[in-house]
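*Asks:* The following block contains the structure, expressed as structure tokens.
The values are calculated or read from the model by the stated rules, or taken from the named source; none is laboratory data. Just so it is clear, the model here is predicted, and its values are computed rather than measured. Backbone-built Cβ (ideal geometry, glycine too); neighbour counts: all protein chains shown.
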Amino acid sequence: MRKPIFIILSLITLFLGCNEEDKTEKEIAKLDVEVSISRFDQEFASAKPNDLQKLRKKYPYLFPAPDSVWVKKMQDTLQIEIMHEVGQKFQNLDPEAIQLKDFYKHVKYYFPKYKVPKVITVTNDVDYNNRIILADSLMFIGLDNYLGMEHKFYGGIQKYISQGMDRRFIVSDVASTFANSAVPKPRDRTFLAQVIYYGKELYLKDKLLPKATDAVKIGYEEEELNWAKANEEPIWRNFIEQEYLYSTDNDLVKRFLEPAPFSKFGLELDQESPGRLGRYIGWQIVNAFMENNELTLVQLMPVSAEEIFKKSNYKPKK
């Protein structure tokens, strides 16, 4: 009799949880949030040298250099090509505007004091390490970093990087930039602390981007996410058996947390694995913790990695 009762209780819990989520989403939908997107990339692409003073007045924070530098940029053939490609790909940002408004409604719900920044789209010479820059009340999006992984500009960029240089990742990257400022940095140098830190970031994205797929949130292709799911138990077992959790060896960060073509277990299966699997594991630990403990999203942020780990009762399915 225990099994049917357990199933019924599980279904009731699931039903109540879904109802609570629906209620929350309805409350979020009612919030009034204004998102302003300024297309500096378009304005500069169509500007002439005598328009620079007008642009400098409108965007003073973008013009620390003298006009001669900008005139040279206007005439540079590579810059002209970049601006053309961006103009073709992003004739409008209507889909992103809708997604950003929904994202910031969720931010406002969970972080009421947060001030929504003004969004400005630019080109930044395909500086993919700085695709999104948040500076006080301004956020810059380098659109030339989102032309699609097969774009000719990305020919010399490794695939594990270029696969994230697609339009569908823009708002997820915005969310990552916000999460980076909202999640406290690890209190210690242990591998576990780093893993939980990224787990918090991804859990935060779960709440702020409920319509995004898990693959987009973590920056995987679907097959990479499926690999991580299918191998979660042996990944975790490897971390435990190798006694990685409380190690302060920075090499573990490079092997399992930093962007890479694959994770480095030192096994034959390495080439099959996606990179950043430590982040995926951290995500699952934080998920388990929040399922077993009644905390708000804001209350979760300062909780230590050790407490999250111990109270999560995390155990991946075999």
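*Asks:* Determine, yes or no, whether Glu232 is under 28 Å from Gln158 (Cβ atoms), touching a helix residue (DSSP H, G or I) at 6+ places or on another chain (Cβ under 9 Å) and of a type in the set (Asp, Glu).
*Replies:* yes
*Asks:* Mind checking which residues of the stretch 164-183 are in contact with a strand residue (DSSP E or B) (Cβ under 8 Å, 6 or more places away or on another chain) and of a type outside the set (S, T, N, Q)?
*Replies:* If the condition is that a residue be in contact with a strand residue (DSSP E or B) (Cβ under 8 Å, 6 or more places away or on another chain) and of a type outside the set (S, T, N, Q), then Ile170, Asp173, Val174, Phe178 are the ones that fit.
*Asks:* Quick check: anything in the stretch 54-75 small (Gly, Ala, Ser) and at pLDDT 95 or above?
*Replies:* no
*Asks:* I would also like to ask the following. Taking the residues in the stretch 136-151 that are assigned to a strand (DSSP E or B) and touching a residue at least 24 places away in the same chain (Cβ under 8 Å) as candidates, determine which candidate is surrounded by the fewest Cβ atoms within 10 Å (Cβ to Cβ).
*Replies:* Leu138
*Asks:* Tally time: how many residues in the stretch 109-158 are among the aliphatic types (A, V, I, L, M), under 13 Å from Val86 (Cβ atoms) and touching a Phe, Trp or Tyr at 6+ places or on another chain (Cβ under 8 Å)?
*Replies:* 4
*Asks:* Please specify each residue of the stretch 164-187 satisfying the condition of being outside any helix (DSSP H, G or I) and without any contact (Cβ under 8 Å) to a residue 24 or more places away in the chain.
*Replies:* Scanning the stretch 164-187 gives Asp166, Lys185.
*Asks:* Continuing with the same structure: Scan the helices (runs of 4 or more DSSP H) fully inside the stretch 258-318 and keep the ones with 1 or more residues being surrounded by 21 or more Cβ atoms within 10 Å (Cβ to Cβ) and of a type in the set (Ser, Thr, Tyr).
*Replies:* In the stretch 258-318, the matching helices (runs of 4 or more DSSP H) lie at 277-292.
*Asks:* OK, next. Identify the residue in the stretch 52-79 that is within 22 Å of Gly148 (Cα to Cα) and without any contact (Cβ under 8 Å) to a residue 12 or more places away in the chain and, among all such residues, is surrounded by the fewest Cβ atoms within 10 Å (Cβ to Cβ).
*Replies:* In this case the residue turns out to be Thr77.
*Asks:* Shifting gears a bit: Any residue in the stretch 289-318 that is farther than 16 Å from Val195 by Cα sitting within a Cβ distance under 9 Å of a residue that is charged (D, E, K, R) and part of a helix (DSSP H, G or I)? List the pairs, counting only those 6 or more apart or interchain.
*Replies:* Listed pairs, sorted by first residue: Asn292/Lys311; Asn293/Lys311; Leu297/Lys207; Lys317/Glu232; Lys317/Glu233; Lys318/Glu233.
*Asks:* Please go through the stretch 247-257 and give me each residue that is part of a helix (DSSP H, G or I) and among the charged types (D, E, K, R), ordered by number.
*Replies:* Hits for the stretch 247-257 are Asp251, Lys254, Arg255.
*Asks:* Turning to a different aspect of this structure: Considering only the stretch 206-216, I want to know if a residue exists there that is among the hydroxyl-bearing types (Ser, Thr, Tyr), surrounded by fewer than 22 Cβ atoms within 10 Å (Cβ to Cβ) and not assigned by TED's automatic domain parsing to the domain that holds Gln42.
*Replies:* Yes, that holds for at least one residue.
*Asks:* If I filter the stretch 152-163 for residues that are in contact with a strand residue (DSSP E or B) (Cβ under 9 Å, 6 or more places away or on another chain), modelled with pLDDT of 95 or more and part of a helix (DSSP H, G or I), do I get at least one hit?
*Replies:* The answer is no, given that none of the residues of the stretch 152-163 is in contact with a strand residue (DSSP E or B) (Cβ under 9 Å, 6 or more places away or on another chain), modelled with pLDDT of 95 or more and part of a helix (DSSP H, G or I).
*Asks:* Quickly run through the stretch 36-53 and pick out the residues that are at pLDDT 95 or above and assigned to a loop (DSSP other than H, G, I, E, B).
*Replies:* Hits for the stretch 36-53 are Arg39, Ser46, Ala47, Lys48.
*Asks:* May I pose another question? What is the number of the single condition among (1) in a helix (DSSP H, G or I); (2) in contact (Cβ under 8 Å) with a residue 40 or more places away in the chain; (3) surrounded by 13 or more Cβ atoms within 10 Å (Cβ to Cβ) that Glu233 does not meet?
*Replies:* Every listed condition holds for Glu233 apart from (3).
*Asks:* A follow-up question, please. Got a number for residues in the stretch 86-120 being more than 18 Å from the chain's Cα centre (by Cα) and buried (at least 18 other Cβ atoms within 10 Å of the Cβ)?
*Replies:* Residues meeting the conditions: 5.
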